[in-house]
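Every number here is computed from the coordinates shown, using simple stated rules; none is lab data. Just so it is clear, the model here is predicted, and its values are computed rather than measured. When we count neighbours, we look across all protein chains shown, and the Cβ atoms used for this are built from the backbone with ideal geometry, even at glycine.
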Amino acid sequence: MGAPVRAEPARTVLDVGGMTCAACVRRVERKLGALEGVTASVNLATGRADVRHPAALGPAALVAAVERAGYTARLPEPEPAPGPPEESREEARRRLLAVALLAVPVLVLSMVPALQFRNWQWLCFALSAPVVTWGCLPLHRRALRGLRHAAATMDTLVSLGVVAAFSWSSYALFLGGAGVPGTTMPFTLWPSGGGGGAAHLYLEAAVGVPLFVLVGRHLEGRARDGTGAALRSLASLSVKEVTVVRDGAERTVPLERLSTGEEFTVRPGERVAADGVVARGASALDVSLVTGESEPVEVGPGSEAVGGAVNAGGLLTVRATAVGADTKLARIARLVGEAQAGKARAQRLADRVAGHFVPAVLAVAVTVLGFWLGAGADAEVAVTASVAVLVVACPCALGLATPTALLAATGRGAGLGILVSGPRALESLRHVDTVLLDKTGTLTTGTMTVADVTPAPGGIGAEAALRLAGAVEQGSEHPLGRALAARARKALPERPQPEVTGFRATPGAGVSGTVEGHRVEVGSVGPELAASLDGTLAEALAEAERAARTVVAVRVDGAVEALVSVGDVPRPGSFRAVHRLRRLGITPVLATGDRAATAHAVAAELGITEVHAALSPEGKADLVSALRAGGRRVAMIGDGVNDAAALARADLGIAMGSGTDAAIGAADVTLVRAGTDAVADAVLLARRTLATIRANLVWAFGYNAVTLPLAAVGWLDPMVAALAMSLSSLLVVGNSLRLRTWEPAPRRRPR
């Protein structure tokens, strides 16, 4: 009997509410991970948990586990709900506005002694009370909910700091002599002891802390919305309705009712509703938002049309080949979403630290309070230092360091036609030093193409010879014939193909027919014909053979009028792609199943010195293993089923978006944009993203390492601490947002 087959774990995505910092993330992950067979990755920036769990464990059990941690959870809705989210955001804006109106007079009066009139402190107390109670109500609620579940988060620190500052100020007003009419209070950025006079007021801290926290979270939320703009822009490309052709008539139906094989029309200015093949019509499609291609793509009958592209020309009738979740646009959105849910190694470390961060800060705050009181300092000095410690600590920056950078980077990559599967792919891209390139379909077009047409001196010319040869070949099913006919149509689009009579195809020799009264023969160049060629034609034949291309002769009325070189030619930009990889310190290696002569010819044309030809799929995978065993970090680029094993075995697999599903499924990075030039862009994007993540984490750790000691020794006013804490998160998010406008380095033209 064989070994039992292990069931693949199910995957569920949950929208988690109430998270405000990395400590929240860590707590939700621990609660979910406590369930048997469950692993979870929680993203603070998106507010989502990506959960892998046994199929027998339903979403209800996952939601219950999150709720036991003190947070809310639900399955994501297909579209954003029009009601509650907007109302919640509007309520937060109203709360922020009210807090600002109440807090600003308190801040001004507390910080400018010259404006302190008789009984000013009682007005400030009356204005502060609503801020501390109603304005901070969401913070207090989340803090209490966390305490009920034996958890401490960022809200716990802020809530305790605000309550402590307001409570001390209330004591000072009612019992400490600060409420005497005519009392004034100096303001300094560095707190100082009372020295026997009236107890100091900290109402400015009681209102400044929540004001700065609410402003910071409002700006942080807007910035985080900006980092997720890629998914929203992808979602906006899909259409709601489509005009289908049924029983010869057009009718508009919801997109969900479109089936594979049905025909639908796309008028100028409309988006293509689904992936398909053009059945009738000709136009230009703007695919820049889907694949990153800047130039419109000309399409006609038989051409592919990608869903989400904009019809910039004439009327098209498209036959659907993929609808719904199977379209390229849906797969792109799915890949981007999954990539944004992952975590880099550094972020996993930060989350572990954040899980112990808040309890440690609470312990430090209590220790600071006891130390100052034990050292004989005034009670207000001890309380001030303790409050400053609570307020200045910021695990928010730790939690946002990686997610915001990934959101921005994966969104920017999608805009450039580069889809990464997650942080692991970015980390691997950063360290790759060798790239294995497949030839057919990767470096070359993958189809037979006319590379060159050499006319005979004194003959009818290249254009006339190509026109006659294309006419004879227009009915051919041979790849060489189709390539020649396509080149003739493209070169002479304004002239119709002439009629052919007496057509005859001779297997192994070629085709012949009568065109406009001339006997036209298109066939291979045999030894006798090759020996009879001289001059220009002989040189063209020798050059084509060196490039491992196939040569056909076009004879008109028995005379050779042109030689046509046909082969799988390099993609436009392949030479530049190889050149840019070398400049990045990456060694390109050609690995192909094609014969050695063809492989070496293509490699010489592109400037690749290391070539491995005539490789089977297993041979490619073994080559990857051998290079890795030699200490090289290998990325494999391919597009076919024969590349899938090598893609999976490499340190990093990169698939061409035009390739097979097997190749794309085995790859870590998919290049939607045509050509391999995007590989260098992907490497540069990975390096920039990881540099941004490192800078964010250095700032997040460094900020707390510097400010916490300053607060503990009494060198930070609580209000200044609140401002610094808010700026910490904003700087991390702002640094990540720079990736949204990142552009590849200017490309120098290779010599």
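Data for the structure
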item	result
Ordering of 572-585, 379-392 by packing [mean C-beta count within 10 Å, highest first]	379-392, 572-585
Karplus (6.51, -1.76, 1.60) ³J(HN,Hα), θ = phi - 60°, over the range 201-213, in Hz, Gly and Pro reported as x	8, 10, 5, 5, 6, 4, 9, x, 4, x, 4, 5, 5
PHE166, PHE117, PHE503 arranged by Cβ crowding within 10 Å, fewest neighbours leading	PHE117, PHE503, PHE166
Cross-link table LYS439/LYS490; LYS328/LYS490; LYS31/LYS240, entries beyond 30 Å C-alpha to C-alpha	LYS31/LYS240
Point-charge dipole on Cβ atoms (K/R +1, D/E -1) for the range 10-74, about Cα centre, debye to 20	80 debye
Gyration tensor verdict on the range 450-567 (Cα atoms; rounded if a/c is under 1.5, prolate if a/b is larger than b/c, oblate otherwise)	rounded
Label-point separation in nm, HIS478 to LEU175, each point 7 Å along Cα→Cβ	10.4 nm
Spacing of the two label points (7 Å from each Cα toward its C-beta) at GLU256 and ALA505, in nm	4.7 nm
Two-site label geometry, ALA375 and SER303: point separation in nm, points 7 Å out along Cα→Cβ	7.6 nm
Ranked by how many other beta carbons lie within 10 Å on average, peptides 101-109, 681-689 from highest	681-689, 101-109
Förster radius 35 Å - calculated FRET efficiency between GLU610 and GLU543 (Cβ-Cβ, nearest 0.05)	0.90
Ranked list, fewest to most other Cβ atoms within 10 Å of each Cβ, for MET656, MET448, MET111	MET111, MET448, MET656
